[in-house]
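Engineer: Take this structure first; my questions come after.
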Amino acid sequence: MKIKKNWLLLLVVLMAVALVFTACASSEKPEDTEVATPENPVIRLSTTTSVNDSGLLSYLQPYFEEDTGYTLEITSNGTGAAIALGQSGDADCLLVHAKAAEEEFINAGYGVERIPFMYNYFVIVGPESDPAGVADCATAAEAFEAIANKGSEFVSRGDDSGTHKAELKIWTSVNIDPTGKTWYVSSGSGMGATLNQASERLAYCLTDKATYLANSANLDLKILLAESEDMKNTYSMIAVNPDKWPDTNIDGSNAFIEWMTGDKATDLIAEFGVKEYSEPLFFVIDNQK
Amino acid sequence: MEYFVDAIKMLLGNNSELRDIVAVTLQMSFFSTTISMLIGMPLGVLIGSRHFVGKRYLVRVIHTLMGLPPVVAGLIVFLLLSRSGPFGEFQLLFSVPAMVIAQVVLITPIIMGLTASITSVRANSLLETSRGIGIPRRKEIGLLLYEARIQLIAVMMTGFGRAISEVGAVQIVGGNVQFKTRVMTTAIMLETNKGNFELAVALGIVLLLISLIINSFAQRLQEERND
Amino acid sequence: MTEPGKNANDILIELHGLQKNFRGKKVLDIDQLMLMRGHRYALVGANGSGKSTLLKLLAGAIKPSGGEIVFHGLDGDYDRAYLPQKPYIFSCSALKNVTMAIYDKNIDKQQRLQQADQALRMLGIGDLAVAKGNRLSGGEGQRLALARILVVPHQLLLLDEPTSATDIAGNELFEEALNNYLQQTQATLIFATHALSQAARLADTVIFLDAGKAVEQGPPEQVLYHPQSAGGKAFLRFWQG
């Protein structure tokens, strides 16, 4: 009997604590917004996991929200799903990096305009021993050929993501179809999980630099080839076409795009990651006007 | 509906990848259920039928493990099998055996706990009787299992259902490698992530169909045994 | 009442200060009791008087909370046979239920089946040999449980209300079979019953239990017809044997 009572008491205390916390959390919301809140204050931004994992958006978000009064709701999925959310009207704005898929999206009338605003480079990572000699190659194409010729294991995202599409483009450029080859492992996973597999297998992998750097402490992988022109990775924003989905927040999307290409965001992006990795993770494209 | 037709066509047609995925799924679910039963049922019978010091605590631990989050099980097995982990030398990570190990960690407590509670219902009466007529003690576990066989078929199906529908642990330790460790659930996740919702739905229907077929078999078995 | 050639002073079981508690409540408290080889004991008493508890203790199904039970020459696994109040009937066929109880390795399969079949017939359920155990009625199940006990020659039979569910015909068959069995095997019988006339017919000694204590012991005509204790008088006042 006594024990039962004690349990009950514990439960009550726990619930009370939970209540207090939720109360605190709700009162912490800033109420003194200097900028007038727009009519439709929520922007649903759909982006890819790799962008989200880099931390860039959560770094920019508070500045943007403070400057404009909008609230950013970010969902991150694989590139295919990220774009599909725009197609089904479940997002107002896209931030992705898969040129062909983006153009298809716009041609089908779902997007207003493709606005490339920053880029970085994919890198090829692999074991320090580098059996295929990737470090001695000049371009990603050369490196891929070397890997295929040597038959060294290569772990692919295999998930139709921007990174996967960039990788396939390189294979196509050297006329190699790696599908089904014993050395070609299609992981069907996100970037982090794919890097993990490559590390466990001591295999090569094409990755964006940000995800690699963020996880490098736990990986037995080194950057073997970087900043080759055929590994350039361009990020764009696309506002979802209000002609297709009248409910979308086109004003919000435009405000977001405008802010992201403005001077303040440009400076912020250029600074991002410098402190931690002593080099920028993203480069702003300067030819906006 | 057309997705459904497409899915059936894929299954019957030349789509070796889908058949590959179904085969890996069945293989993994079969082995993990079988191994979990071989471990969980005899131990469950022992726990359900014996009185011993600390039984209450053991049962509590098992019941907690029955609700073990799959991703936690996956993470533990991942760390154990990782190249830098204690069993890294066996190079089991991202293989079907790795998925089976993670599933066994998940399913064995479920089978053990359910078997124990099923057994405990009749254990006292059965053991009093069997000892009363001098049936050797070594036969007791077998007798208890035999007498519970109809309910144990349901337990087996619970285990199999868990194995075939699990996604978190197999994604972590299996790695969703095409042609090797990709199963129905991780394939559905992948296709959803790609935005291929049609294919994802089709795969989901196939998964449900497999479950339906296997459950029908189990039900037939139960009814036969019940006669 | 002992069989010829049997030593009437041959003690089979001694109970010394035997106690059993359930959840802090004393349910059995027997100071001293001697049970003789070859005798037939009936345990009588009200519900909760400790009959079942005593049988369970003698069967080894539960352990005493205090005191001791000394057996003389009951070392083999099969010397004691115990029939619980609600015996478990295995879900296999009735015949298989009985053959399961035959432990002797020297008996081949054909003989086993024959013996089991005979035991079932003896209790009037020979026609149920192929019926599944879990499909039998309460009375049929009890007869089957008795057949399972009587198919093997044991030295001590511990039966807890063996005919609580059987009909009159079943009782008759059981008593006949039991008498034959005891004659052939010279076994000792200890049974609990609420059927006092059955106690009078089958037992040579009646032990009257009252609130966990063995308050009276003697031949049926004494204990059942001329009880000395207040408890015995109260218990038997409704019975006009």
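Engineer: Going by the conditions given, is A:LEU221 closer than 14 Å to A:GLY126 by Cβ, open to solvent by less than 10 Å² (accessible area, probe 1.4 Å) and not assigned by TED's automatic domain parsing to the domain that holds A:GLY55? Before you say what the answer is, go through the steps one by one.
Structural biologist: Numbers: closer than 14 Å to A:GLY126 by Cβ: yes; open to solvent by less than 10 Å² (accessible area, probe 1.4 Å): yes; not assigned by TED's automatic domain parsing to the domain that holds A:GLY55: yes.
Yes, satisfied.
Engineer: Out of segment B:132-145, which residues are under 18 Å from C:ILE62 (Cβ atoms) and at the interface with chain C (Cβ under 7 Å from one of its Cβ atoms)? Before the answer, list the steps.
Structural biologist: The initial filter retains those residues of segment B:132-145 that are under 18 Å from C:ILE62 (Cβ atoms), namely B:132-134, B:137, B:140.
Within segment B:132-145, B:GLY132, B:ILE133, B:GLY134 qualify.
Engineer: Mind counting the residues in segment C:21-47 that are closer than 18 Å to C:SER229 by Cα and either open to solvent by 40 Å² or more (accessible area, probe 1.4 Å) or not in a strand (DSSP E or B) (or both)?
Structural biologist: 5
Engineer: Continuing with this model, one more query. Within segment C:61-74, how many residues turn out to be part of a loop (DSSP other than H, G, I, E, B) and either within 10 Å of another protein chain (Cβ to nearest Cβ) or small (Gly, Ala, Ser) (or both)? Explain how you work it out, then say what you get.
Structural biologist: The first filter runs over segment C:61-74 and keeps only residues part of a loop (DSSP other than H, G, I, E, B), leaving C:61-65, C:72-74.
With the extra rule that they be either within 10 Å of another protein chain (Cβ to nearest Cβ) or small (Gly, Ala, Ser) (or both), the set shrinks to C:61-62, C:65, C:73.
Of the residues in that region, 4 qualify.
Engineer: Turning to a different aspect of this structure: With the checklist (1) buried (at least 17 other Cβ atoms within 10 Å of the Cβ); (2) closer than 27 Å to A:GLY273 by Cβ; (3) not basic (Lys, Arg) in hand, flag the one item A:GLN87 doesn't pass.
Structural biologist: The number of the failed condition is (2).
Engineer: Now for a different question. Which helices (runs of 4 or more DSSP H) does segment C:83-160 wholly contain that include 3 or more residues that are among the hydroxyl-bearing types (Ser, Thr, Tyr) and touching a Gly at 6+ places or on another chain (Cβ under 6 Å)? Spell out how you get there, then give the answer.
Structural biologist: Numbers: elements: C:94-99, C:109-122, C:138-150.
By residue number, no helices (runs of 4 or more DSSP H) qualify.
Engineer: Just give me the residues in segment C:218-241 being in a helix (DSSP H, G or I) and within 13 Å of C:GLN198 (Cα to Cα), in sequence order.
Structural biologist: From segment C:218-241, those in a helix (DSSP H, G or I) are C:220-223, C:230-236; that's our starting set.
C:PRO220, C:GLU221 - these are the residues of segment C:218-241 that are in a helix (DSSP H, G or I) and within 13 Å of C:GLN198 (Cα to Cα).
Engineer: Also, quick follow-up: For the structure I just gave you, tell me whether A:ASN233 is in contact (Cβ under 8 Å) with a residue 40 or more places away in the chain and either more than 14 Å from chain B (Cβ to nearest Cβ) or buried (at least 16 other Cβ atoms within 10 Å of the Cβ) (or both). Let's see the steps before the verdict.
Structural biologist: Numbers: in contact (Cβ under 8 Å) with a residue 40 or more places away in the chain: yes; either more than 14 Å from chain B (Cβ to nearest Cβ) or buried (at least 16 other Cβ atoms within 10 Å of the Cβ) (or both): yes.
Yes, satisfied.
Engineer: Filter segment C:143-174 for residues that are open to solvent by 10 Å² or more (accessible area, probe 1.4 Å) and either within 12 Å of chain B (Cβ to nearest Cβ) or among the acidic types (Asp, Glu) (or both) and give the result. Give the steps one after another, and end with the answer.
Structural biologist: Step one: filter segment C:143-174 for residues open to solvent by 10 Å² or more (accessible area, probe 1.4 Å), giving C:143, C:150-151, C:153, C:155, C:161, C:163-169, C:171-173.
Hits for segment C:143-174 are C:LEU150, C:VAL151, C:PRO153, C:GLN155, C:GLU161, C:ASP167, C:GLU172.
Engineer: Take B:SER216 and decide whether it is under 30 Å from B:ILE150 (Cβ atoms), more than 10 Å from chain A (Cβ to nearest Cβ) and buried (at least 16 other Cβ atoms within 10 Å of the Cβ).
Structural biologist: Values: under 30 Å from B:ILE150 (Cβ atoms): yes; more than 10 Å from chain A (Cβ to nearest Cβ): yes; buried (at least 16 other Cβ atoms within 10 Å of the Cβ): no.
For B:SER216, the condition - under 30 Å from B:ILE150 (Cβ atoms), more than 10 Å from chain A (Cβ to nearest Cβ) and buried (at least 16 other Cβ atoms within 10 Å of the Cβ) - is not met.
Engineer: Output the residues belonging to segment A:157-200 that are buried (at least 24 other Cβ atoms within 10 Å of the Cβ), under 27 Å from B:SER84 (Cα atoms) and more than 9 Å from every other protein chain (Cβ to nearest Cβ).
Structural biologist: A:ARG157, A:MET191, A:LEU195, A:ALA198
Engineer: Answer yes if at least one residue in segment A:276-286 is assigned to a helix (DSSP H, G or I) and open to solvent by 40 Å² or more (accessible area, probe 1.4 Å), and no otherwise. Spell out how you get there, then give the answer.
Structural biologist: Step one: filter segment A:276-286 for residues assigned to a helix (DSSP H, G or I), giving A:276-277.
From what is left, the residues that are open to solvent by 40 Å² or more (accessible area, probe 1.4 Å) are A:276-277.
Yes: one or more hits.
Engineer: If you take the residues of segment C:75-89 that are at the interface with chain B (Cβ under 7 Å from one of its Cβ atoms) and farther than 20 Å from C:GLY50 by Cα, which of them is most open to solvent (accessible area, probe 1.4 Å)?
Structural biologist: Filtering segment C:75-89 for residues at the interface with chain B (Cβ under 7 Å from one of its Cβ atoms) gives C:77-78, C:81-84, C:86-88.
Restricting the remaining residues to those that are farther than 20 Å from C:GLY50 by Cα gives C:77-78, C:88.
Values: C:ASP77: 119, C:TYR78: 55, C:TYR88: 31 Å².
Applying the filter and picking the extreme gives C:ASP77.
Engineer: Suppose we filter segment A:249-289 for residues that are among the polar types (S, T, N, Q) and at pLDDT below 90; how many remain?
Structural biologist: Initial filter on segment A:249-289 (among the polar types (S, T, N, Q)): A:249, A:253-254, A:261, A:266, A:278, A:287-288.
When the remaining residues are screened for being at pLDDT below 90, the result is A:278, A:287-288.
Selection size over segment A:249-289: 3.
Engineer: Could I ask something else about it? When you check B:ILE188 against the structure, is it more than 8 Å from chain A (Cβ to nearest Cβ), assigned to a helix (DSSP H, G or I) and either closer than 23 Å to A:THR47 by Cβ or in contact with a strand residue (DSSP E or B) (Cβ under 8 Å, 6 or more places away or on another chain) (or both), yes or no? So that I can check it myself, show each step before the final result.
Structural biologist: Working: more than 8 Å from chain A (Cβ to nearest Cβ): yes; assigned to a helix (DSSP H, G or I): yes; either closer than 23 Å to A:THR47 by Cβ or in contact with a strand residue (DSSP E or B) (Cβ under 8 Å, 6 or more places away or on another chain) (or both): yes.
Yes: the conditions hold for B:ILE188.
Engineer: Here's another thing I want to ask about it. Identify the residue in segment B:146-185 that is assigned to a loop (DSSP other than H, G, I, E, B) and either of a type in the set (Lys, Arg) or within 16 Å of the chain's Cα centre (by Cα) (or both) and, among all such residues, is farthest from the other protein chains (Cβ to nearest Cβ).
Structural biologist: Just the residues of segment B:146-185 that are assigned to a loop (DSSP other than H, G, I, E, B), to begin with: B:148, B:166-167, B:175-183.
Imposing the further condition that a residue be either of a type in the set (Lys, Arg) or within 16 Å of the chain's Cα centre (by Cα) (or both) reduces the set to B:166-167, B:180, B:182-183.
On the way: B:GLU166: 16, B:VAL167: 12, B:LYS180: 8, B:ARG182: 6, B:VAL183: 11 Å.
Among those that are assigned to a loop (DSSP other than H, G, I, E, B) and either of a type in the set (Lys, Arg) or within 16 Å of the chain's Cα centre (by Cα) (or both), it is B:GLU166.
Engineer: Given the conditions (1) within 20 Å of the chain's Cα centre (by Cα); (2) away from every other protein chain (no Cβ under 14 Å); (3) more than 19 Å from A:THR48 (Cα to Cα), which single one is not true for A:ASP136?
Structural biologist: (1)
Engineer: Return yes or no: is B:VAL71 in contact with a helix residue (DSSP H, G or I) (Cβ under 8 Å, 6 or more places away or on another chain) and open to solvent by 60 Å² or more (accessible area, probe 1.4 Å)?
Structural biologist: Details: in contact with a helix residue (DSSP H, G or I) (Cβ under 8 Å, 6 or more places away or on another chain): yes; open to solvent by 60 Å² or more (accessible area, probe 1.4 Å): yes.
Considered against the rule, which asks whether it is in contact with a helix residue (DSSP H, G or I) (Cβ under 8 Å, 6 or more places away or on another chain) and open to solvent by 60 Å² or more (accessible area, probe 1.4 Å), B:VAL71 comes out as yes.
The values are calculated or read from the model by the stated rules, or taken from the named source; none is laboratory data. What you see is a predicted model, and the numbers here were worked out from it, not measured in a lab. Neighbour counts run over all protein chains shown; Cβ positions are idealised from the backbone, glycine included. Note: accessible area is taken over every heavy atom of the protein model, side chains too, but ligands, DNA and RNA are not part of it. Shrake-Rupley method; radii C 1.70, N 1.55, O 1.52, S 1.80 Å.
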